[in-house]
Amino acid sequence: MNRGFLPVASDFISQKEIDDIILVNSKFLKKLHCTQISSSAIQDVEQLYYFVITGGTEQQILDLHAKRSEAFHDEEIILLTHVSHNSLPAALEVLARFQQDGKKGSIIYLPEISENLKNNQSPAIRKFDPKKTLSGKRIGLIGKPSDWLVASSPQTTIVESVFGAEVILIDMEEVKQNFKEVDPEQIKKITLELTENSIEIKEPSQKEIEDNVRIYLAIKELIAKYNLDALTIRCFDLVLDTKTTGCFALSRLNDEGIIAGCEGDLVSTIGMMWAFEKYATLPWMANPSQINLKENSLTLAHCTVPCSLVKSYNLRSHFESGLGVGIQGEFPLQDVMLFRLGGKELDLIWKAEGKIIQTGHAENLCRTQIKIQLNHEFSVQDLLMYPLGNHLIVIQK
């Protein structure tokens with residue numbers, strides 16, 4: 001059979017980095033007996049593998065598959081993933097969308113290619129009825145959901161009918177305008193507190209730190225204006241338009257009890273709110289970036305974390321862009337529960353329990369990193385078989 005793999009990457013990565021990732025994974029690619037192709041040849045191979053080089057590629061893959069489908073109807077979509085650059089969470093998100101649309105697909109995690117999906121057990125996906133546990137809550141959706149959230153952008157009417165919460169649509173321009181108008185005197189105290197409590201400041205400049213505090217104060221104005229209980233923001237627009245990040249703002253807001261989610265991800269933000277209401281424990285939203293099928297473990301990573309959840313933190317740059325501030329927190333080793341909501345009607349849930357067995361500082365992942373080993377009755381393989389989306393929620397048990 002004529003087989004080919006098509007690399008798919010975001011604009012945040014260079015061609016040299018793409019080539020290096022392909023080279024590092026070449027021995028695994030050889031096992032699949034496939035050669036690299038370009039997008040112009042997408043209809044020229046009998047078996048196509050989408051090689052997910054980075055996160056933020058989900059919509060690209062949907063568009064490429066639409067072109068592929070003109071010649072190959074109803075074929076199984078196969079996504080190749082590797083250990084870094086948010087490859088795995090992007091594949092989880094796009095496969096969740098394909099499965100929502102009734103299409104067949106699978107994920108091959110290259111480092112464990114010979115171990116993938118060794119048995120046919122059913123994934124631990126359950127029906128979920130929150131019984132409008134968030135009735136009366138107001139969630140600010142600041143900007144549209146990020147373009148790559150192809151399985152995590154439900155209609156606001158579904159959120160309201162299932163959870164009882166009202167979604168308030170807020171234009172990103174309001175954040176940018178507030179950002180310009182923040183009183184410099186308000187910034188000083190918070191900046192000093194943030195820097196003095198950090199163990200190390202590696203990449204961020206003083207201005208970048210102050211701009212992160214500005215974003216926090218700009219969002220606080222919107223919380224007051226719209227009487228919000230929670231929010232999620234299209235934070236990569238801050239990177240592109242203001243050359244700063246919202247990582248500190250979301251960290252601080254969560255510590256203040258205002259649930260704040262990344263990337264305009266309504267599903268994960270609602271999941272965080274539900275967990276906070278049900279368990280009275282502050283949640284953490286992160287990407288499942290690596291898995292180990294033999295250990296039944298996974299590594300989660302994100303560039304923001306509530307500081308109250310970690311023993312200490314460093315101030316780093318935002319991983320994907322190299323700009324602004326990312327928070328590198330050190331979690332205690334402890335028992336946790338993790339879960340993901342999903343489905344077109346937000347009526348599905350995947351839950352598992354385990355223990356944080358390691359924290360990490362890898363330079364090719366988002367800044368705060370933990371490795372969780374699942375208890376024996378749960379399987380990390382579920383994520384490859386039937387993912388509900390790219391972010392998971394973690395809470396202390």
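The values are calculated or read from the model by the stated rules, or taken from the named source; none is laboratory data. Every value quoted in this text rests on a predicted model; they were computed, and no experiment measured them. In this analysis, Cβ positions are derived from the backbone assuming ideal geometry, glycine residues included, and neighbour counts consider all displayed protein chains.
What to note about this one:
- Test: residue in segment 53-63 that is touching a residue at least 24 places away in the same chain (Cβ under 8 Å), more than 20 Å from N390 (Cα to Cα) and acidic (D, E): no
- Candidate set from segment 214-241 (those that are of a type in the set (A, V, I, L, M) and more than 15 Å from A260 (Cα to Cα)); member that is surrounded by the fewest Cβ atoms within 10 Å (Cβ to Cβ): L240
- Inclusion of P306 among residues that are without any contact (Cβ under 8 Å) to a residue 40 or more places away in the chain, in the same structural domain as S205 (by TED's automatic domain parsing) and not acidic (D, E) is not warranted.
- Selection status of N364, among the polar types (S, T, N, Q), surrounded by fewer than 19 Cβ atoms within 10 Å (Cβ to Cβ) and touching a His at 6+ places or on another chain (Cβ under 7 Å): yes
- Contact map, segment 367-393: first residue touching a residue at least 60 places away in the same chain (Cβ under 8 Å) and within 13 Å of R340 (Cβ to Cβ), second residue surrounded by fewer than 21 Cβ atoms within 10 Å (Cβ to Cβ) and hydroxyl-bearing (S, T, Y), Cβ cut-off under 7 Å, separation 6 or more or different chains; pairs are V380/S297.
- Condition met for K176 (exposed (fewer than 11 other Cβ atoms within 10 Å of the Cβ) and closer than 22 Å to Y226 by Cα): no
- Complete set of residues in segment 367-394 that are over 16 Å from the mean Cα position of the chain (by Cα) and either crowded, with 24+ Cβ neighbours inside 10 Å or not small (G, A, S) (or both): I372, Q373, L374, N375, H376, E377, F378, V380, Q381, D382, M385, Y386
- Filtering segment 292-348 to residues that are part of a loop (DSSP other than H, G, I, E, B) and surrounded by fewer than 18 Cβ atoms within 10 Å (Cβ to Cβ) leaves K294, E295, K311, S321, G322, P332, L333, Q334, K344, E345, D347.
- Selection within segment 184-207 - over 23 Å from the mean Cα position of the chain (by Cα) and in contact (Cβ under 8 Å) with a residue 24 or more places away in the chain: Q186, I187, I190, L194, T195, N197, S198, I199, E200, I201, K202
- Total residues in segment 18-31, condition of a type outside the set (A, V, I, L, M, F, W, C), under 26 Å from the mean Cα position of the chain (by Cα) and more than 26 Å from A96 (Cβ to Cβ): 2
- Segment 32-59 - residue that is surrounded by 12 or more Cβ atoms within 10 Å (Cβ to Cβ) and part of a helix (DSSP H, G or I) and, of those, farthest from the chain's Cα centre (by Cα): A41
- Some residue of segment 262-283 being within 18 Å of the chain's Cα centre (by Cα), in a strand (DSSP E or B) and assigned by TED's automatic domain parsing to the domain that holds D382: no
- Any hit, segment 366-379, residues being closer than 17 Å to L282 by Cα, out of contact with any Cys (no Cβ under 7 Å at 6 or more places or on another chain), of a type in the set (A, V, I, L, M) and assigned to a strand (DSSP E or B): yes
- Taking the criterion of being part of a helix (DSSP H, G or I), under 23 Å from the mean Cα position of the chain (by Cα) and over 21 Å from L282 (Cα atoms), the residues of segment 212-234 that qualify are N212, V213, I215.
- Flag for F28 being aromatic (F, W, Y) and assigned to a loop (DSSP other than H, G, I, E, B): no
- In this structure, I77 does satisfy being more than 30 Å from E363 (Cβ to Cβ), touching a helix residue (DSSP H, G or I) at 6+ places or on another chain (Cβ under 9 Å) and not assigned by TED's automatic domain parsing to the domain that holds L384.
- Between N212, N227, the distinction of being in contact (Cβ under 8 Å) with a residue 40 or more places away in the chain, closer than 26 Å to K311 by Cβ and assigned by TED's automatic domain parsing to the domain that holds T304 belongs to N212 only.
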